[in-house]
1. Mind checking the angle between helix A:13-38 and chain A's longest principal axis? C-alpha axes, 0 to 90 degrees, to the nearest 10.
2. Convex hull over the Cα atoms of chain C, averaged projected area in nm²?
3. State the extension gain, in nm to one decimal, for the chain segment bounded by A:LYS609 and A:VAL59, taking 0.36 nm per residue of separation less the distance between their alpha-carbons.
4. Can you give the percent of C-alpha pairs in the protein assembly as shown whose distance is more than 56 Å?
5. Taking all protein chains in place and a 1.4 Å probe, what share, in percent, of the accessible surface of the stretch A:566-684 do carbon and sulfur account for?
6. Note the per residue figure in Å³ for the convex hull of the C-alpha positions in chain B.
7. Binning every alpha carbon pair distance of the stretch C:181-323 at 5 Å from zero, what are the percents per bin?
8. Which whole-number value in Å² is the accessible area per residue of the protein assembly as shown, probe 1.4 Å?
Amino acid sequence: MADSTTGLPRLTRRRLIGGSAAAAALFGLQYGAGRYLMRLPRGGTAHGQGRALGVDRMVRTVCSPNCTGACGQNAWIRGERIVKIQQAADYPDHVYNPRGCMKGLSFIQSLYGPDRVRAPFIRAGARGEGKWRQVTWDEALDYIADKLKGIIAKYGADSVYFFPQLPGTGPIQKGAATRLAALLGASHGTFYDFNGDLALSMPITFGVQCSDHEAKDWANSRFVLVVGSNPVETRIPDAHFLSDAADNGARIVVLDPKYSATATKADDWLPIEAGTDGALALAMVNVILREGLGDLEHMAKYSDAPLLVRTDTRKRLRESDLKAGGSSAKFALWDEASGGPLVVGTDRLGLPEGARPALSGSYAVRLADGKAVTVRPGFDYVREAVAPYTPESVEKITQVPAAKTVKLARAFATTKPAAVIFGAGANHWYHSDLTGRAFALLSAVTGNVGRSGGGISVYVGQYKVRFDVSSWWFPDGKRPNFVPPMYMVHGPTPTMNPAIKPPKNGFRAMLVSHSNLLNQSPNLNKLFKRLNEEVELFVVIDFAMTPTAEHADVLLPAATWYEKTDLIATPLHPFLQLMQPAVPPQYESRPEVQIYRELAKRLKPELAKYYEVDEEQAIATILANGGPEVAGITLEQLKKGPVRLNVPDPEVTFHDQIQDLKPFPSRTYPFPLAATQRFVQTGRMEFYKEEDGFLELGEQVPVYKPPFEAEDAAAKRTEYPLVLLSPHERWRVHSTYSNQPWLLEINGGRAEVSIHPRDAESRHIQQGDLVEVRNDRGATQCWARVTEQVRPGTAQIYEGWWWNRYFRKGRGVNELTPDFINPTNEIYFLPNVWSPVTAWKEVLCDVRKV
Amino acid sequence: MAMTKTRRKFGMAVDLERCLGCWTCAVVCKEENDVPMGLWWNRVLTEGGDGLDKPDGTYPHLDLDYLPLACQHCEDAPCVKVCPAEATYKREDGGIVLVDYSKCIGCRYCMAACPYSVRVFNWAEPQRIPDFSYGMVEGRPRGVVEKCTFCVHRLDQGLEPSCVVSCPAQARIFGDLNDPDSPVSVAVRERGGTQMLADKGTHPQVYYLSKRRKRPL
Amino acid sequence: MTGRIAYRGWLAVLVAVMGLGFAAWLYQLANGLAVTGLSNVVSWGLYIIAFMYFVGLSAGGLIVVAGAQLAGAHQFRPLSRLAVLLSGASIVVAAAFILPDLGHPERAYRVLISGQFYSPLVWDFIIIATYLVIALVDLWLMTRPRESERALTVMALISLPVAVLVHSITAWIFGLLVARPFWNSPLLAPLFISSALVSGLALLLVVVLVLRKLRLLEIEDAVLGSLGKLMAVFIAIDGFFLFAEVLTAIASNVPDLRDQTMLLLNGSLAPFFWPEMLLGVVVPFLIFALPGLRRRNGLLAAASTLAVLGVLLKRINIMMASMSLPLIERAPGQSWGRLVAPGGRFWLRLGDYAPTWVEWSIAAGIVALGALLVTLGVRYLVRRPATVPEPATPRPGRPVVARPAP
C-alpha cells in the first residue's frame, strides 16, 4: 500500500510482521532442510564419545619406592605395554582398599618416559659431564669386574662399598647386592639411619628398631597426637584412617611449626617453635604427674620405673650387687610391702606376686660387700627431671601457650586410647632421640603402650624388614662390613663405636643401586669432595637418570617393580605380597639378581653357585626360613593375592609384652634377638639409661636440649637467622618422582623456598623471586614461595627435588644440611637400628634475593 | 502397587572432610582417559590463599580446604544448551553430559558457557608422556573440547569411575541419585550435600559433603 | 595515471595482506590453535572480538539505511548502496572470523544446516547467512537498471528486523550465559545494538569522507551533518547504556561481577577502558554534538574514526572482562592447555591474553578481504550509474552516485 504523499510503501505493523516472518521463514527453511538432508539423530552416537579400548591382560604387583607404602597395584597391558596402573584394591581387609597414590599410578611415565635409563653406559667425559658411551651388558660388566678386581687387590675388599637402597623394599633383588657384599667381605651401607628416619628413641626405650601400629589401628584411637608428622601428605594411602578415627569420635591434634595438610584436618593445630617438641612432651608429662592423671601401674609393670638405681654409680642396682654370686642381669625394685629391695627377673614383665614397688623416694641398701648405698627408683629420676618443665616455663621454649599445653596434657591423659604419631618433623634433629624418649614417656605414663588405638608409632621411613631374610642376605652366615654412610660424609669421630670399621684404605669403589645418593645425602659438597678424591669406580644401577646417575662411571639400566619378582611386606599394612613382572624388563634393563649374578661370576667364579637360584627359589627359601610371621605362607598363595602376615589383628607393637608379659624387646629383623636385647637389659621399657654415654651427657632420663647449640655457641644465629626445614612433599618419595611430567604440571616443576611474608618483606623478597639460600656449608638458588603456611623465622624447601634440574644453581637443599653425629647415636652399633641419624632439620640459613 | 522403574541418574558425592588434596583422582583420570599433557579433566583446587596448598589467613590463624573439581554433569547443563553442533549432549541413561568428539567443531562455546571451568580444549596435537595411547579409551584429536565423562566406558561395564575407585581417602561416593537407597543418595541426604554454584540453576549431579565441625582443645 | 597506480597498488597491498593471512591460517591449521595466545581460561580472543565487532559494523549501517528507507528519510538515499556494501562486506568479514576460531572448520557447515536449535550460535550462524543473502539481494536490487522502490521497501522491511536480530543474537551468544555475570545482563543486546549503530554509522561516515576526499563520491555536507547529529544521539544512547551497565555491576555486590567490572575500572583492562570512554565516547560525542565542530570535515573524520575505534576497544573490554578471571577462581587455576616445560607457566589464575603473530596475520588478512570487497564494490557497484524511479542524469566526466531525490 503506497503512501499517498510519497508514493512509497508505508511501514505498517503488518508489513513489519510480514518482513520478520519472511526472515523467520528463511531461517526455518535452512534449518529444517539441513536437518532433513543430514538425517542426524538428536543426541550423540556412542562411537563419538571415544571408543573404549580393551586390554590383553592384567598383572598384580607391588609399588615399591622408598615411601615403603608397598601398595598393591594392577598393571593393565595392551599389546606389549602397560597402559594403566591402578590400585589392585584386593586386600582381604577391605579397609585398606584402595591402597595407592597418584605417584604410584603415574609410574607409566617412569617406565616409558624420557628419563628412563634404557641401556648400559660408560662415562666418556669427566664425571657428571654428560658424555656417555653406550655399551653392551657384557662390556659394562667386564669393565666393572676388572676395575673391582684391581681395587680389591690394591685396597682390600672393604674398600668396595655396596649401597643398595633400601633392602626392605625389595629383599630379594636388593638383597642380591647384600649377598654379594657378604660373599666378598665388602663394605655395605646403612639407610634407615642415614635417611634420618631411624628414631633412636625406639631402640633406646624399647630395644626395637621401630615401634609402629598398623595404620588401620589409628581408627581405634580416641585421641591422636600427631607430632611433626604429615600423613595427609606423606602417607596418602593411610591418611584416611585419621578421618576414620574422627568419624569414630577421636580428636586429632597436630603439633607442627607449619600449617601442614594434616593440620588442616585436625581438631586443633598447635604451632610450635621448630625443634622444641620434646619440651612440650615433658611439660605434658609434668602436668599429668602433677595432677595424678598418669597410669603408674602401667609404668611399674612394664617399664624400668620401679627398678632401683644406685646414687653412687648412677647404675642400676643388680642382684650381683646385693648378693655374692647374684646375677648381673637381674635388677631390683624397692618393695614397700616388705620394706626392702626385691630382685626381679628379666624373663617376664609385671611384678612379683604381692609386691608393692616404690616409684619414688630414696632408700638405703646394704650391698653384698657390706657397703651401704642410697638407691632410688628409676622413675624418681624421671619425675625429678620432668619437674622443671612446667607448662609456663616450656611456653618460653615452644611458644605454645601454657594453658593450651595443660589442656592437651589433660585430654591426652584422660582420653583412652590415645596414640602418638611421631614423624620426621620431630625426628630429623640432633637431639631427636631425646624428643622421641619424651614422647615415649608420655605414651607409657598414660598407659597407652601396647594398646590398640594407643602407642607411639614412628612412621618416618619405615624400612623395617618384616621377616627373616638372613638365609638370602647372609650366605653361610657371612655378613658384609656395614658402615654407616654418615662416616663416609663426615669421616670417623673420636666417639665412633668400635664395632664400626670404615674401609682401611678409603671408599674406593661404590656400587649404588636405586639410590639418588648425590641428591639425598646431607652436606653434599663434602660428599662430592670425598667422591672425587677417593672413589675410583662409581657404579650406578637405576631406572631413572637422576643426578646420581648423571655422575656415574658406569650406569646400568635397572628393572622396576613392574619388571621383576620380589617379596614385599612393610609395616603400615602387614601383608605379604609378591612383586611380579607385568612386562619383561623394558629396553635393556635387568633385575638386580641377574646383574649381581653376572658380576659375581666375573669377580670370583667360585661365587657363581650362590646365584644359581632364581627369584622364586629365593622367595621359597625365605618363606621356609622367614620366622613365625611368614610361617605357612606359600608362593602359590601369594600369586593369588596378598596374604596377611601371622601377626595380631590389629597389629599393635608390644602387644605381646603388655598382654603376655613377654620381655622387651621384640625381635628386629634381620638380626638375632640378642643383638637388640643388650639395648634394654632390664627387659623393660627403659626411661632411665645407665650406659656411660648417656650418663656423660646427662641424658640418662628424657630431658630437653635445645636445637642449634653449636651454632648458637658460634653466634651463627645472627648471620643465619632462619631455621631451614626440608620436609617431605606429597609430590615425591624423597627424590623419586621429582621428574614425573604429570606431577610437574601440578606442582609447578621448580624448587621453591617457602618463607613467611614477614621474613620476605624484611628481605625485599616477593613471591616468585629467584633467591639464594645459604649457610656455611653451601648455597643454592631457587624461587621464593611467600606464604603464611610457614612459621615466621623458618624457611622451608621440600626435600627431594633433583638439584640439577629444579634448582637454578647449587646442589639443592642438601648443600646446607649437616653431617652431625650425636655421640648417643654411637653408644651401640647395629646397622639401621642403632647408628648415626641425620639431623636434616638442624639447619640455620639466610635467604636473600638474587 | 506397580513399581515403575525410574531412569538412572548418576551422581557423585565428594567428601571434603576426607579429601587429602593429593590429586590421585586427577592423575588416575589422566591415565584412564588418555588425557594428554597440558590438560586436566579433574583438578583439586585449594580453597585458601593465592597458590596451590597455600592457606588463607594470618599465621597462626589459618584455613585451607581442598576442592576437587571436574564436570558437574549438570541436569540443566549450560554447555549442552549452547553447543551448536549437538556434540555436547546429555545421555539419557544416567543423565551424564558427554561430548561426541566426531561432531565437535571446536568453537569452545561450551567452555565459555560452563560455570565451573572444567572443559578443556585440544589446542595442539595431543602430546603424551609416554608417547603412546595409554588408558582405557581412545584419545581425542586436536581441535575438540573434552572433559570428564564419569568414565562412561567404565559405567557401561558396570564399574564406577576411576576417580571414585582410586581415591585413597575414600572421599568419593558414586551411584544412582534416583535410587533413594543408593549410598550416594543417602550421603547427600544425611550429610546435607550441597551443589556448587547452586544459584546458577544448573542442578549439578555432583554434590559436596562439607567438613566436620572441629573440636579444638 | 597516479590514481590508477595508487588503485592497483592498494589492491596489491590488500591481496598481499590476504595472502599473509591465508598463509597464517594454513600454519594454524597445520599446528592447531596452540599457535594462538588462547588458553583454557581465555578461550576466545581476537577472532571472536573481531567477529562481534564486525557484526556490529555490519548491522549499524544497514539499520540506518533501512530505517531511513522505511521512514522515508530520503536524504540518506545516496548512501544506501555504500551502506549495504559496507554491511555486506562487514558480515563477510565477521563470518570469516569464525572460521579460524574453530578447531574443526571443516565441520562448520553442519551448524548451518543442522545445528542444535537451542544454541544462540546456531541462530547466529543462520541469521548471519540470512543477512548476507539480504545484503546481496539488496545490492542486486539497488544496482538493477531499474531500481524498484517497492522491492527496496520490502527488502528494508525484511532487513531491518534481521539487522536488529543479527546483533541481538550476537549479543545473546554472550548474554545468555549464566556462567558469566558480566555478560549475563538483559542490557547486553540493547548495548550491542547501540554500539553497532555507533560503529556502523561511524564507519559509513569514515568511508564516505575518504571516498569524498579521493573524489570518488559526491555527497553533500548537509547529509554528513545530519549523519553527524544522528551519531551524537547514538553515542549518547550507547554511553548511557554502558553507564547503566557498569553502575549496576559495581553496585551489585555480586563478587564475580564486581571483580570483572573492577578489571575495567582499575584493573588490567583499565588501559583499554578509559581510552574507550574518553576517546571513543566523550570526544566524538562533543564533536558530533556541537555544530561548530561537526561542520569541520577534519574533525568529523577524526570523530568518526575515534568512534569506530572506541567501539573496537569496547568489544575487547567486553570479551576480556569476562574471560580474564577463571570462573572458579582458586589455585592453582585452569591449565594453559599446552605441553609446558617444568617451571613454566602451566596454571592460569588470571587469564592474560595477547594475540600472537598468527592471530594478527589472520585478522589482517580477513580485514583486507573486507577492504577488497569494499574497494571493488565501490568501483563496480557503488559508482555504477544508478537509476532511480525518477532518473537523474549523471554529469559527464564525474564519478556519480545517486543524488538525493528532490
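1. Here the helix axis deviates by roughly 60 degrees.
2. Details: hull surface 84.9 nm².
Across all orientations, chain C yields a mean hull projection of 21.2 nm².
3. On the way: separation 550, 0.36 × 550 = 198.00 nm, distance 3.12 nm.
Going from the current span to full extension adds 194.9 nm.
4. Numbers: 388294 of 1084128 pairs.
That fraction is 36 percent.
5. Numbers: 2350 of 4560 Å².
Within the stretch A:566-684, the accessible surface is 51 percent carbon and sulfur.
6. Details: hull volume 33.3 nm³, N = 217.
So the per-residue hull volume is 154 Å³.
7. Bins of 5 Å from zero give 2, 11, 20, 21, 16, 12, 8, 5, 3, 1, 0 percent of pairs.
8. Details: 50060 Å² over 1473 residues.
The answer is 34 Å² per residue.
The values are calculated or read from the model by the stated rules, or taken from the named source; none is laboratory data. Just so we're clear, the structure is a prediction, and the values are computed from it rather than from any experiment. Neighbour counts are summed over all protein chains in view; Cβ atoms, including those assigned to glycine, are modelled from backbone coordinates with ideal geometry. What goes into the accessible areas is simple: the full protein's heavy atoms, side chains included, and nothing from ligands, DNA or RNA. Shrake-Rupley method; radii C 1.70, N 1.55, O 1.52, S 1.80 Å.
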